[in-house]
Amino acid sequence: DELRDALHEILKRHGKTRELTILGVREAKGLEFADVAIVNYFTSGNEVLSAGWRKLLGSAMQGEGLSSTGTTAAELNLPLELEVELKLYYTAVTRCRAKLFLVELMGPTWDKL
């Protein structure tokens, strides 16, 4: 909520809120939008989640990743919380009809990835 309020204030100062709706992923479930921006999704969690994202990305970069025929979350020893986050991430990404923007604005986690 704090990040959402800060983002709304920044956009409001620049006159960009006329057609803007800021929602959390859970609030957006079941809705669709032409354009979606997912902001700080990977850097706003706790250290356990950050470590899980790093491990998942490292696995994907080595060509292992998660797939229906490949590596499982259990084989990668990913934190259980990450399974929930992956489902929420899927929900966030699929809200978009036209353009999807993935934006990481703060925190050192993305640099570590």
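The values are calculated or read from the model by the stated rules, or taken from the named source; none is laboratory data. Please read these numbers as outputs of a predicted model, since none were measured by experiment. As a convention, Cβ positions derive from the backbone with ideal geometry for all residues, glycine included, and neighbour counts pool all protein chains shown.
Here the condition is being modelled with pLDDT of 70 or more, farther than 17 Å from Leu88 by Cα and among the small types (Gly, Ala, Ser); of Ala51, Ala60, it holds for Ala51 alone. Got at least one residue in the stretch 72-83 being at pLDDT 70 or above and under 23 Å from Glu2 (Cα atoms)? Scanning the stretch 72-83, I find at least one residue that is at pLDDT 70 or above and under 23 Å from Glu2 (Cα atoms), so the answer is yes. Select from the stretch 84-113 the residues that are within 20 Å of Ala28 (Cβ to Cβ) and of a type in the set (Asp, Glu) and write down the one among them that is modelled with the lowest pLDDT. Selected residue: Glu104.
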